[in-house]
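The values are calculated or read from the model by the stated rules, or taken from the named source; none is laboratory data. This structure is a prediction, so every number in the text was calculated from the model and none was measured. As a convention, Cβ positions derive from the backbone with ideal geometry for all residues, glycine included, and neighbour counts pool all protein chains shown. Side chains included, ligands, DNA and RNA excluded: accessible areas come from the protein's heavy atoms. Shrake-Rupley method; radii C 1.70, N 1.55, O 1.52, S 1.80 Å.
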Amino acid sequence: MTSPSASPDPAPPHSTEPQDTPLTEGMAFLANKGWQILLTMGLATTALGVIALVWPSATLRVLGVLFGVYLLATGVFQLAGAFGTHVPRHLRVLHFVIGAIAILLGLICFRGAMESILLLALWIGFSWLLRGTMETAAAASARDMPARGWHMAFGIIGALAGIVLIVSPFASIAALTLVVGVMAIVLGLTEVVRAIMIRIEVGRLAPAPAAKRRPLFHRPHRPHPQH
């Protein structure tokens, strides 16, 4: 039996320090990964912009090769879709013709840099011309369209830019490469600044927990004497 004068051990005090829950830990992990990914993308975009400005001819050659790969992949998918069971019979011929033309143009791109740059400029020029014409026609026909004047202006500018690319493809695509390089540098630096600001905000909102002090000497717990 225990002595009646012996008092039971006092209950350990409850810790008043805030404990990190799995939710807060997950949010902190996502925030840290978010600014790191944004910083990496900003640095990569800035590097691509610098490369486009320093070596524009090499950038155009790489773009031409990538455009050829894109045409080949598009042609293969179009040919595969022409023999699919989900495609109606009257559209199979169209899929086959488009796929064959895309593969042919893709092979032309691999013959030399000049051919690939010419096809890339014409492709962009015709797409801009078609899109600008359609946007201008839609804005002109719909009088109740919101921001109708802006849509019409952007459509006209896009159509004119497409005409310039079609008429003078080599000079236009070189100028376009320089513009893309400058825009990539500006966007990349903007993403780097945003990543730094997010990192600062994460540090303010989630401060590091204070380290707990451990006693220098630990006294072992002795059991009460029992009779």
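A few notes on this one:
- Charge tally for LEU39 (other residues, Cβ to Cβ under 12 Å; Lys, Arg +1; Asp, Glu -1): +2.
- Residue-wise HN-Hα coupling along the stretch 182-191, computed from phi with Karplus coefficients 6.51, -1.76, 1.60 (Hz; x: Gly, Pro): 5, 5, 5, 5, 5, 5, x, 5, 4, 5
- Note on the stretch 51-105: with neighbouring protein chains present and a 1.4 Å probe, carbon and sulfur make up 79 percent of its accessible heavy-atom surface.
- Separation of the stretch 162-192 from the stretch 103-145 is 15 Å, based on Cα centroids.
- Each residue was assigned an accessible area with a 1.4 Å probe, and for THR74 the value is about 40 Å².
- Most to least accessible of LEU105, LEU165 (protein chains only, probe 1.4 Å): LEU105, LEU165
- The residues TRP35, TRP55, TRP128, sorted by heavy-atom accessible surface at 1.4 Å with ligands and nucleic acids left out, run TRP55, TRP128, TRP35 from largest to smallest.
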